[in-house]
1. Here is a list: PHE207, PHE155. Which entry is within 25 Å of the chain's Cα centre (by Cα), in a strand (DSSP E or B) and in contact (Cβ under 8 Å) with a residue 12 or more places away in the chain?
2. Run down THR146, THR150, THR137 and say which single residue is over 30 Å from ASP585 (Cα atoms) and surrounded by fewer than 18 Cβ atoms within 10 Å (Cβ to Cβ).
3. So ASP548 passes all but one of these: (1) under 20 Å from ARG511 (Cα atoms); (2) touching a residue at least 40 places away in the same chain (Cβ under 8 Å); (3) not hydroxyl-bearing (Ser, Thr, Tyr). Which condition number does it fail?
4. Looking only at segment 181-203, count how many residues are under 27 Å from the mean Cα position of the chain (by Cα) and not hydroxyl-bearing (Ser, Thr, Tyr).
5. Quick test for you: out of PRO317, PRO295, PRO308, pick the one residue that is in the same structural domain as THR203 (by TED's automatic domain parsing), over 19 Å from the mean Cα position of the chain (by Cα), buried (at least 23 other Cβ atoms within 10 Å of the Cβ) and not in a helix (DSSP H, G or I).
6. Can you name every residue in segment 517-542 that is among the charged types (D, E, K, R), modelled with pLDDT under 95 and over 28 Å from the mean Cα position of the chain (by Cα)?
7. Looking only at segment 103-112, decide whether some residue is within 24 Å of VAL149 (Cα to Cα), over 15 Å from the mean Cα position of the chain (by Cα) and hydrophobic (A, V, I, L, M, F, W, C).
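The values are calculated or read from the model by the stated rules, or taken from the named source; none is laboratory data. Note that this is a predicted model, so its numbers are computed, not measured. Neighbour counts run over all protein chains shown; Cβ positions are idealised from the backbone, glycine included.
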Amino acid sequence: MVYSPARPRRRLLPYLIAVVLAIALIAGLRWYFAGDDAGGGQAAPAACSGEAVRIRVASSQDKIWILREVAKAYSGRAVAGRCAEVLIDEANSGTAMRALARGWKEETDGARPDVWTPAASAWVTLLRQQAGGTDGTVPVADGTPTPIVTSPLVFAMPKPMAEALGWPDKAIGWSELAELAADPKGWARYGHPEWGRFKLGKTNPNFSTSGLNATIGAYFAATGTTSDLTARDVADAGTRTFVRGVEQSIVHYGDISLTFLGNLQRADDRGEAMAYISAITVEENSVTDYNRGNPSGNPATLGRHAPPRTPLVAVNPKEGTLYSDHPYVPLTWMDAAKKAVADDFLAHLHSPAVQARFQEYGYRSFDGEPGPQATERNGVVPGARITTLSPPSPSVLDKVLRSWSELRKRANVLIVVDRSGSMEEEAPGTGESRLELAKKAAINALPQFRGDDKVGLWAFSTGQDGEKDYRELVPVEEVSRTGDLLRRQLDGLTAGGGTGLYDTTLAAVERMRGTRDEGAINAVVFLTDGKNEKNGGIDLENLLSRLDPDVRLFTIGYGESADQEVLRRIAEATDGAAYDSSRADTIDQVFTSVISNF
C-alpha cells in the first residue's frame, strides 16, 4: 500500500473545525459571563435581557466615590441569566445603624438598602446590641462580615508636631497625647510655645467610625490591655479620668472627619496649619488623600489642589488600634435574585483589579495588604509595626458609648432659627411648612445634649426687638434647667418678616464671646432658608473679618433658596462647618448631624 498524505488531511479537517468551534464557543461564553475587569474600566457588553435585578448598597461616605465607579462599571452584567444593577447610596455609619436597629423607614431614612457597608464591623456589633424593630429581629445574619477593604486608625499629625514628639523613631500613643493635653504649658513642653495648647480633632463616636474606634482605643489605652475590655474596666475611676482628660483637648466633634481635614487644608493655605489642630484621629487612607491635596478622597477632585505645605503623618498608637474593615453586610430581607447579585458584586469587589483601584486611594486590601500610596512621602511608614486591638463585646461597646457621653467635652451653644416669612412655605412633598419641619428637627435633636450642656435659643427675621433682627427666647443656660422651655419656645415659633442674616450672625457670635466657657465647645448653630435681605446693616466682607474660631459657626442652608455659598464662607471663617439641607425633608437628619459636633 502506497502512503498518500492527502487522505489523513481529509480525515483531520472535521476534527480541526470542531476544535476551532469549541475554542470560539469557550471564548464566547467567557465574554458572555465576564463583566469589566476593573472598577474604572469599560464593562464588556452583557448578554442579559428582561427586567434587571437591582440592589441598593448603603455605603459610608469615605469610600463612596470609588464604590460608585465600580458599581457603574459592574451594572449590566449577567447574573443567573438576568441583568444586574447596583446603586450606591450615601449613608453615615452611625445614622444607618440606628435606622436599621429601629426598623428602616423609607419616608425618613431614604430608600431601603439591600446591602449595608459601614466603615467598620463595630457598627454591626452595635446593631445586634440595639436592634428593636417592629418585629424585634436583627436584619443581619450571624457571623463575621466580610471586609471590602481595610484601613487602620491613626493619629494624623502635622509632621513638625509629630517629629517634636519623637516620630518616627519613638513610639507615640494615647498616653503622650493625654499628658500633653493636660499640661497648661501645651507645646512649650516640647520647646514650641508658638503652637499653643494641644488640640485634638475627633469625631462623635455615635456617628463616625474614626470617632468610635478612637474612643474604644482610648479606653483600651487607659487599661493597658489589647483585648477583653470589660464593663468593670469601662466603669473604673482611673479609666474615666484618663478618657475625660483626652476629651478636654477636643476642638469640637462632628459626624465626619472630612470637616477637620477640609478646615486644615484651608488653614494650611493660609500658612496656619499648626494653629488649627495638633492631631486628628482618622483612617490611614485619609492621610494619604490629604497629602495628595485631595482630603475628600473623591477621584474626580484629585489634582485640583496642590499638596499641603505642612503634610500630615500617620502615627500608629503604640497601645494598639482598630481597623476600619468596611464590612459587606447583606441584609436578610433580600430575595434569592437580589442575594445572587449581592454575592456576585462582593466577588467582583474582591477581584485583583478592583482591590488595586482601592489601593490607589490609600486603602489596604481586604486582607490587609498596603498599596502604592503607603510611602513616607505620603506620611505612612511602610512596614511600621501596628498592634491590633480586639473589639469589645456588644454589651461592653454599648457601655463605652454611654460612658463617653458622660465624659465628653461640654457644649456652650446658641441655636439661631430663621422665622422669616419664607419659612411658612410648604416643603415639597411633605404637606408641612419648612418652619414646622425645622421645629420638629430641632426638638428631636435636643436629647443629644447632656444636662450640664448650656444651650440658648434665638429666633430672627427683621424688626424682631425694636431695631434688632433677633429675639432671645431662651438664655444660654444648662439644659437641665431650660430643656422644657427650649421645647415650648421652638414649638411656638411662627413665621413672618424678612431675613436679617448678617447682623444676626454677628450679634450671636458676640453674645457667645461674652459668655465663652474655656472648658466647653463654644458655638452658634445658625439655620436659615434665605439670603440677607436687610439694607443698611453690616455687609458680608465686614462680617467675615470679625469672625474667628473663638466661637465656631455651624450653618444650615435650609431649602432650595438658601445662600449655600455665603453660609459656607461664614462657617469656614470660624473653622466650623456648613451643612446643606436644600431638600427641606432632610432637615431632621441634617440637624442631628449638626448637633453631633457637641
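1. Result: PHE155 is the single residue among PHE207, PHE155 that is within 25 Å of the chain's Cα centre (by Cα), in a strand (DSSP E or B) and in contact (Cβ under 8 Å) with a residue 12 or more places away in the chain.
2. Only one candidate passes the filter, namely THR146.
3. (2)
4. Summing the residues that are under 27 Å from the mean Cα position of the chain (by Cα) and not hydroxyl-bearing (Ser, Thr, Tyr) in segment 181-203 gives 7.
5. Unique residue meeting the criteria: PRO317.
6. Result: LYS531, GLU533, LYS534, ASP539.
7. No, the conditions are met nowhere in segment 103-112.
Residue-by-condition table, conditions (1) at pLDDT below 70; (2) assigned to a helix (DSSP H, G or I); (3) surrounded by fewer than 16 Cβ atoms within 10 Å (Cβ to Cβ):
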{"residue": "GLY28", "(1), (2), (3)": "yes, yes, yes"}
{"residue": "ASP37", "(1), (2), (3)": "yes, no, yes"}
{"residue": "ALA43", "(1), (2), (3)": "yes, no, no"}
{"residue": "ALA71", "(1), (2), (3)": "no, yes, no"}
{"residue": "ALA111", "(1), (2), (3)": "no, no, yes"}
